[in-house]
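The values are calculated or read from the model by the stated rules, or taken from the named source; none is laboratory data. The shown structure was predicted, so the numbers you read here are calculated from the model rather than taken from an experiment. Glycine gets a Cβ as well: all are built from the backbone with ideal geometry, and neighbour counts include every protein chain shown.
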Ligand SMILES: [Zn+2]
């Protein structure tokens, strides 16, 4: 049986702040027991280019996403992790859930995750798109978490991407040194716990092998905001925790655009 993948994207997460806060026990547990790599994101440290790189395995030059407007992008020629897993093995089931429309909404400026309508009609691909820009990520992330936990429990898709933006939104509104950022991190950590528990149950019940991978697209300056090349804005990470199997034997250092092929190799 092939390893199933859950990639969780936590937008704008400063990992060290989360670990120091004591409010992110699941993040800490996954980091302590999983594979860990520190990443340095390329500039501009914006969500559009950052997630395009992490999800398609492309450099900024290759995907041509330079900001959050996505104009002139190359994403139709740079298939995402889910699509590539499907092209590699056409029995692969895929799932994505995100509240930032450019990642998943075909009606928006992206999407980074390809729509793949034929596979969606065949129930091989499911995309849940919400609009956190309009409704706020505290509410929308809670919905994303509920839908994603249900999908993990009920279907256990082969390759999934689940995205949370509550912490990033709090960082923009209040900065990253106050309590609001920590509160948001605590909420995201509770979603991680529910996802982790759903997968743990599957591993026990069906003897499945899973790899849970966590990453972020950028940090923030202390007062909130990002885009420049300071170490705190560029800092990202990959945590990869094997469940029902060993942790992956990944290098201690790699580039953000290497993540997709490392994950796909675990499915080969
Ligand atoms: Zn972002």
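Output the qualifying pairs, or none if there are none: Cβ atoms under 8 angstrom, residues six or more apart or on different chains, first residue in segment 165-177 and within 12 Å of the ligand (Cβ to nearest atom), second residue at pLDDT below 95.
Listed by first residue and then by second, the contacts come to nothing, as the list is empty.
In this structure, does residue 12 turn out to be within 16 Å of the ligand (Cβ to nearest atom) and within 15 Å of the chain's Cα centre (by Cα)?
Yes; evaluated as a whole, the condition is true for this residue.
For residue 55, work out the one condition from (1) part of a helix (DSSP H, G or I); (2) surrounded by fewer than 24 Cβ atoms within 10 Å (Cβ to Cβ); (3) within 16 Å of the ligand (Cβ to nearest atom) it doesn't fulfil.
Here residue 55 meets the rest and fails (2).
For (1) surrounded by fewer than 19 Cβ atoms within 10 Å (Cβ to Cβ); (2) at pLDDT 95 or above; (3) in a helix (DSSP H, G or I), each residue gets a yes or a no:
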| residue | (1), (2), (3) |
| --- | --- |
| 112 | no, yes, no |
| 118 | yes, yes, yes |
| 133 | yes, yes, yes |
| 141 | no, yes, yes |
| 168 | no, yes, yes |
| 177 | yes, yes, no |
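Report, by residue number, each residue of segment 207-235 that is within 14 Å of the ligand (Cβ to nearest atom), assigned to a strand (DSSP E or B) and surrounded by fewer than 23 Cβ atoms within 10 Å (Cβ to Cβ).
Of everything in segment 207-235, just one residue is within 14 Å of the ligand (Cβ to nearest atom), assigned to a strand (DSSP E or B) and surrounded by fewer than 23 Cβ atoms within 10 Å (Cβ to Cβ), namely 235.
Considering each of 197, 258, 217 in turn, give the residue that is more than 16 Å from residue 31 (Cβ to Cβ) and without any contact (Cβ under 8 Å) to a residue 12 or more places away in the chain.
197
Could you give every pair whose Cβ atoms fall below 6 Å, whose first residue belongs to segment 33-52 and is under 14 Å from residue 217 (Cβ atoms) and in contact (Cβ under 8 Å) with a residue 24 or more places away in the chain, and whose second residue is in a helix (DSSP H, G or I) and within 8 Å of the ligand (Cβ to nearest atom), counting only separations of at least 6 or pairs across chains?
41/50
So which residues in segment 63-84 are in contact (Cβ under 8 Å) with a residue 40 or more places away in the chain, outside any loop (DSSP other than H, G, I, E, B) and surrounded by fewer than 24 Cβ atoms within 10 Å (Cβ to Cβ)?
Residue satisfying the conditions is 84 alone.
Do we find a residue being within 16 Å of the ligand (Cβ to nearest atom), assigned to a loop (DSSP other than H, G, I, E, B) and in contact with a helix residue (DSSP H, G or I) (Cβ under 9 Å, 6 or more places away or on another chain) anywhere in segment 45-52?
Among the residues of segment 45-52, at least one is within 16 Å of the ligand (Cβ to nearest atom), assigned to a loop (DSSP other than H, G, I, E, B) and in contact with a helix residue (DSSP H, G or I) (Cβ under 9 Å, 6 or more places away or on another chain), which makes the answer yes.
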